[in-house]
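Below is one structure, written out as structure tokens, with a few remarks after it.
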Amino acid sequence: MSLPSPSPYIGTPGNIEPRKMSPQEQIEWDAPYIALAQKSGGDLRLLFSSFFSFLHRKTDFYIAHHPLDVKEGIPVRMGFKEGDAEKLLLASFRQFPLRRLPRMSEVDKKKQEQQQEQQQQRRSNSQTSIQKNNNEKSDKNSNKQNNKDGTKNVKNEKPSTTGEPKTSKATTTATVSSTSETAIKYSEEGKQIPVGNGGSCTQFNFEWTQTIQEVSIALPIPPKTRAKDLEVIMKQTSISVKLP
């Protein structure tokens, strides 16, 4: 492959300047270069070696004109005048400016400042989060205390005196018990005389109530006693309950 010269380049003879590429052309060339860079594993020596090997094997980039042909001005359609290839490379390299790195001490200092800012920001966020949690806990405790105070007020509140006064449970129970004890009467045969619609028997420790249709008897039995454990015999004039 013969590389055209000097048609791809502009400038006066001896001052070789590469042709500028448009941004669109640069984008189109980026894809194969990226593929080659990835294939070389990021090793520029391997990338350059393969590139110049291609120029050496497949092009006339390394072909130099005969000195006598150059001296006599005989046109040659292949290769370059000796030294023009190197000039071409240097011109291509120098068309892009160098990008200098900042001093490493400044980079380290800036990095430390960034780390300090990040640490300070994390501490500030942590303190804000802790303060928020403390405020939430304080609000919850305040609400609980208010609820407790409200409950105490309700419990300590005295019942209203309007309307008929309510009799306490203890007083009612005592009254019923006293009435029952004073109302219990027995016949000459030792049988209890019914009180109202029922009564109780202190001798056998049971109570009973009755209506026109039924009679209910309540008697104490040992704990965990089941219905099948009892032997109940009902007759026309008596009821027998036994625990074998």
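Quick notes
- Segment 83-109 and segment 29-50 have Cα centres lying 19 Å from one another.
- Rough spin-label spacing in nm, given labels placed 7 Å along Cα→Cβ, for residue 45 and residue 111: 2.6
- Residue-wise HN-Hα coupling along segment 111-122, computed from phi with Karplus coefficients 6.51, -1.76, 1.60 (Hz; x: Gly, Pro): 5, 5, 4, 5, 5, 5, 5, 5, 5, 5, 5, 5
- Between residue 93 and residue 72, the C-beta separation translates, for a Förster distance of 30 Å, into a calculated FRET efficiency of about 0.40.
- Radius 10 Å from Cβ of residue 244, net charge of other residues (Lys, Arg +1; Asp, Glu -1): -1
Laboratory data are not the source of any read-out in this text; all were calculated from the coordinates shown. The shown structure was predicted, so the numbers you read here are calculated from the model rather than taken from an experiment. As a convention, Cβ positions derive from the backbone with ideal geometry for all residues, glycine included, and neighbour counts pool all protein chains shown.
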